[in-house]
Amino acid sequence: MGSKEILEQALKLHPKERFTIIEGLIKSLDEPDAELERIWAEEAEKRLQAYRKGEIEGIPMEKVFKDE
C-alpha cells in the first residue's frame, strides 16, 4: 500500500484515531538518528583537532551573536 492509499484510509478514521496516528508519526521524526549523531560527533572532533593544531581559527562569541 502506498502513501496515497494510507492517507485515504487514515482520513476515514475517527478524529481521535487520526490524532493518535499523527502523534505517532511526529514522535518518530523526533527520535535521534544514531548514525547522524556519530557523523556530527566525528565532524566536531575533526574541527576541534584542527583548531588545536592552528589549522583553523575560532570566531569570538561576541562576533557570532552580534546583531547586524
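Where a number appears in this text, it was derived from the coordinates with a stated rule and is not lab data. Computed from a prediction, not measured in an experiment: that's the story for all the values here. All Cβ positions, glycine included, derive from the backbone under ideal geometry; neighbour counts span all protein chains shown.
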Charge dipole of the chain about the Cα centre (unit charges at C-beta), most positive-ward option of 34, 20, 44: 20
Region 1-61 - Rg over Rh from alpha carbon coordinates, Kirkwood radius: 1.39
Candidates per trypsin sites (Lys or Arg not before Pro) in the chain, loop by DSSP, up to 16 other Cβ within 10 Å: 12, 53, 66
At least 18 Å along the helix axis (C-alpha) and Kyte average at least -1.0, DSSP helices within the chain: 15-30
Charge dipole magnitude, Cβ of K and R +1, D and E -1 - the chain, Cα centre, debye nearest 20: 120
Computed FRET value (nearest 0.05) for residue 5 with residue 45, which takes r as the C-beta separation and R₀ as 35 Å: 0.20
